[in-house]
Amino acid sequence: MALTRLLVAGFRNIQHAELMLDSKVNLFCGPNGAGKTSLLEAVHMLATGRSFRSRQHRSVIQHSSRGLTVFAELETGYSLGIERLTDGSGRARINQRPAESSSQLASCLPLQLINSNSFDVLDGGPGVRRRLLDWTVFHVEPMFAREWKNYQIALRQRNALLRRGKIAVDAITVWEEQLAHSGERVNILREGRFQEFQSAVSALLCELPGGLPGPVEIGYRRGWRKETDLCTALQESREGDVSLGHTRIGPHRADVRFTLAGEPAQNILSRGQQKMLVCAVRTAMAELVSRHRTQPVFLVDDLPAELDETNQQVFAHWISRSASQVLVTGIEESTTIRPWQRLEAPWNHPRVFHVEHGNISAEPSAAL
């Protein structure tokens, strides 16, 4: 699912860039503030419909521009395009036709992002970890997106009734039944892939030089008591939910926990070990998707700043087994390129781009 051609215009400090990308490794090197992260951000928006740094499209659009455009051609023959204007309008296209939703874009271009925020998974809230599992299930299970959408619709309706205070039993029962039906399906799909995910993470962690202080245990909590079906659990929690005005149980409250000897992993692992655990989680997600569908593209922002040289090498090796392509940023070319040059072909011949003041140019030896 690699990108072959990428066009970015009006995106932060990138006025215009048209790049022919290598099918495996692309390195973007330059000083801080040059536009390296903005390029990854543009690809992320193309695949998801949103930035990973801002929820406001206007803040991403270059000040002198009416809007931004990101367009890419994929090795599959597909083309993706997205446009956002300062007036708040915009459009997304797949093969020049309107995309129905951001999930349609994501389905065409599965992405894994590794940046400084990625390493907060262990300290972050359940929603962060839940979305990691859901990304995997979304790309492997065709039914997941529809069931999750139906669940969200029923959840909003039940919460709206809860906020009213006085509820007709018949009215809320209808939405609880729909919530339970879709919620049980969502949980089944999650559980169906969790064990595979768990095994993949454990296998990767066994490859770490020096290992870890102990085996990492990964647990999945579905969001309500195991001994109760969801419909019954919703009925039992109704009175308390009314007092709070929202639904306290269900798949939207699920979590994935990482522990060592019963303790949260972040309480025992060093910061470097935590980062490699997160890299293993991301790689395992990619491996599962590649087994069942296609290899994703990795976006890696300033890897040398996040991992020491030994762990950079390990992670680069993992990516070469699980990704179709990688776009990596770094300040110094020699440091950024080293882990990739030590891999086997074709991963050991990166295409290098220099980024400065929003201008992106390929090295003469790497240009087509």
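The values are calculated or read from the model by the stated rules, or taken from the named source; none is laboratory data. What you see is a predicted model; the values in this text were computed from it and never measured. For neighbour counting, all protein chains shown are included, and Cβ atoms are generated from backbone atoms with ideal geometry for every residue, glycine included. When the accessible area is computed, the model is the full protein with side chains, heavy atoms only, and any ligands, DNA or RNA have been set aside. Shrake-Rupley method; radii C 1.70, N 1.55, O 1.52, S 1.80 Å.
Computed values, structure above
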read-out: Mean residue ellipticity (222 nm) of the chain, computed from DSSP H runs ≥ 4 via -39,500 (n - 2.57), nearest 500; value: -14500 deg cm²/dmol
read-out: Heavy-atom accessible surface of the stretch 311-368: percent carbon and sulfur, 1.4 Å; value: 49 percent
read-out: Projected-area average for the stretch 41-87 over all orientations - Cα convex hull basis, square nanometres; value: 3.4 nm²
read-out: Point-charge dipole on Cβ atoms (K/R +1, D/E -1) for the stretch 208-318, about Cα centre, debye to 20; value: 340 debye
read-out: Label-point separation in nm, E83 to D255, each point 7 Å along Cα→Cβ; value: 4.5 nm
read-out: V25 accessible area, 1.4 Å probe, all protein chains in place, Å² to nearest 10; value: 0 Å²
read-out: Charge tally in the Cβ shell below 14 Å around A168, where Lys, Arg are +1 and Asp, Glu are -1, A168 excluded; value: +2
read-out: Ratio of Rg to Rh over the stretch 259-349 (Cα coordinates, Kirkwood Rh, two decimals); value: 1.00
read-out: Additional length obtainable on full extension of the chain from D123 to E263, 0.36 nm per residue less Cα span; value: 49.1 nm
read-out: Distance in nm between pseudo-label sites at D229 and T4 (7 Å out along the Cβ direction from Cα); value: 5.2 nm
read-out: Environment charge of A203, counting only residues whose C-beta is closer than 12 Å and scoring Lys/Arg +1, Asp/Glu -1; value: -2
read-out: Measure of compaction for the stretch 198-257 (Cα Rg per 2.2 N^0.38 Å); value: 1.69
read-out: Average accessible area per residue (Å²) across the stretch 71-138 - probe 1.4 Å, nucleic acids and ligands excluded; value: 46 Å²
read-out: The stretch 224-266, accessible area per residue, ligands and nucleic acids excluded (1.4 Å, Å²); value: 51 Å²
read-out: Accessible surface of the stretch 165-302, 1.4 Å probe, proportion on carbon and sulfur as whole %; value: 49 percent
read-out: Computed accessible area, V140, all protein chains, 1.4 angstrom probe, square angstrom; value: 20 Å²
read-out: Stretch gain in nm, segment R66-R97, where the contour uses 0.36 nm per residue and the Cα spacing is subtracted; value: 8.9 nm
read-out: Under 19 Å from the Q56 label point (7 Å along Cα→beta-carbon), backbone N, the stretch 74-112; value: 84-90
read-out: Dipole magnitude (debye, nearest 20) for the stretch 4-160, charges at Cβ of Lys, Arg, Asp, Glu; value: 500 debye
read-out: Reference-scaled alpha-carbon Rg (2.2 N^0.38 Å with N residues) for the chain; value: 1.06
read-out: Cα centroid separation, the stretch 342-356 to the stretch 161-227 (Å); value: 39 Å
read-out: Nitroxide proxy distance, nm - points 7 Å out along Cα→Cβ at R156 and A168; value: 2.2 nm
read-out: Length-normalised contact order of the chain in % [C-alpha pairs under 8 Å, at least 6 apart]; value: 26 percent
read-out: Charge dipole of the chain about the Cα centre (unit charges at C-beta), most positive-ward option of Y78, P209, S103; value: S103
